[in-house]
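Accompanying notes for the structure given below.
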Amino acid sequence: MTWLSRISTEWIAWLNDLFKAAGWVLAVPAAISLFAVWVTGRELERRRATETASLRDQARISQEAAARAEAEAGQLRRRLALRHVTDTQRATILRELAPAPKGSVLVRCVLGDGEGLAFAKQVADVLRAAGWTVGDVSQGVYSGTNPVGFGIVIRSKQAPPPGAEVLFKALTRAGLPIGVAEEVGIPADRIAVTVGNKPSE
């Protein structure tokens with residue numbers, strides 16, 4: 001016999017009802033607690049996901065801003081940098097012009113443009129080293145707007161003077177940004193290398 005056998009049936013029934021009631025009483029808070037855990041867990045996940053997405057957006061915006069700043073800084077450095085003939089470019093020009101017939105060229109720049117004059121003198125120096133006939137750099141005043149950039153000027157592209165094509169190829173292969181322009185007033189057999197004002201970009 002167990003200790004329960006000593007308790008009357010009425011007491012057993014009462015205890016059973018009591019435990020059932022207690023179970024329901026305890027089950028309701030437990031259910032509420034589980035529901036609250038589920039609800040707050042979902043909200044916590046949502047907020048963390050939102051915060052993570054916000055951090056990603058902030059990081060992306062910061063990276064884009066840094067990239068723009070670097071690009072702008074690079075543009076500013078290029079605008080402020082002085083044009084010059086590098087040692088590699090000089091070697092390339094000398095190599096390209098070495099087997100070609102030597103010619104005569106006029107190197108000119110804009111009067112009052114110190115940066116352009118320094119660059120023009122470097123160009124003239126390397127052409128002289130290549131065996132070409134080059135006088136002193138000519139500085140001139142241009143009507144209207146000053147030339148911009150760096151280029152070979154001849155009377156006609158259809159009938160270029162001797163040496164113009166090989167000079168253009170040598171300067172191009174050296175990586176110097178050079179163009180070709182026509183000028184009616186220049187002698188047909190003359191080549192002019194014109195150093196204009198430095199481009200803004």
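Values as computed for the structure displayed
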| quantity | calculated |
| --- | --- |
| Chymotrypsin sites (Phe, Trp or Tyr not before Pro) restricted to the range 124-189 and DSSP loop, no more than 14 other C-beta within 10 Å | TYR142 |
| Full-extension gain in nm, ALA13 to ALA66, via 0.36 nm per residue minus C-alpha separation | 11.3 nm |
| Charge dipole magnitude, Cβ of K and R +1, D and E -1 - the range 87-195, Cα centre, debye nearest 20 | 260 |
| The chain - mean residue ellipticity at 222 nm from DSSP helices (-39,500 (n - 2.57) per run, n ≥ 4, rounded to 500) | -19500 deg cm²/dmol |
| Partners for LYS121 among lysines (Cα-Cα distance below 30 Å; same-chain residues under 8 apart left out) | LYS102, LYS157, LYS169, LYS198 |
| Whole-angstrom Cα spans of the range 110-201 along principal axes, big to small | 31, 29, 27 |
| Other-chain or far-sequence residues with amide H under 5 Å of ASN197's (modelled H) | VAL148, GLY149 |
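Every read-out reported here was derived from the displayed coordinates using simple, explicitly stated rules and does not represent laboratory data. None of these values were measured; they are calculated from a predicted model. Cβ coordinates were reconstructed from backbone atoms using ideal geometry, including for glycine residues, and neighbour counts include every protein chain displayed.
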